[in-house]
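**Student:** After the structure tokens below, expect a handful of questions from me.
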Amino acid sequence: MDDTSEIKNGTNFCFPVRCLEDGRIKLVPFSIAKHAQTVFDHTRDDPHAYAHLSFGPYTTV
């Protein structure tokens with residue numbers, strides 16, 4: 001699956017979204033299939049990661 005397949009299929013967004021990048025960084029739209037486990041792994045032990053959000057922290061993906 002390439003970076004844009006979910007976008008083309010409309011699974012995450014209802015409008016066109018593209019990747020943004022320059023020589024130092026690449027920003028890609030959040031893909032639940034690709035990114036949820038990584039976000040969970042990096043935030044599960046830090047409840048402060050969700051301090052300003054109305055959802056989370058989560059106990060599983």
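**Student:** In region 26-61, what chymotrypsin sites (Phe, Trp or Tyr not before Pro) fall in a loop by DSSP, with at most 10 other Cβ atoms inside 10 Å? The partial results should precede the final answer.
**Tutor:** Numbers: sites: Phe30, Phe40, Tyr50, Phe55, Tyr58; in loops: Phe30, Phe55, Tyr58.
Answer by residue number: Phe55.
**Student:** Continuing with this model, one more query. I'd like the trypsin sites (Lys or Arg not before Pro) in region 13-48 restricted to DSSP loop residues with at most 13 other Cβ atoms within 10 Å, sorted by number.
**Tutor:** Arg18, Arg24
Any read-out appearing in this document is the output of simple, stated calculations on the displayed coordinates, not a laboratory observation. Not measured: the values here are computed from a predicted model. Positions of Cβ are backbone-derived with ideal geometry, glycine not excepted, and every protein chain shown enters the neighbour counts.
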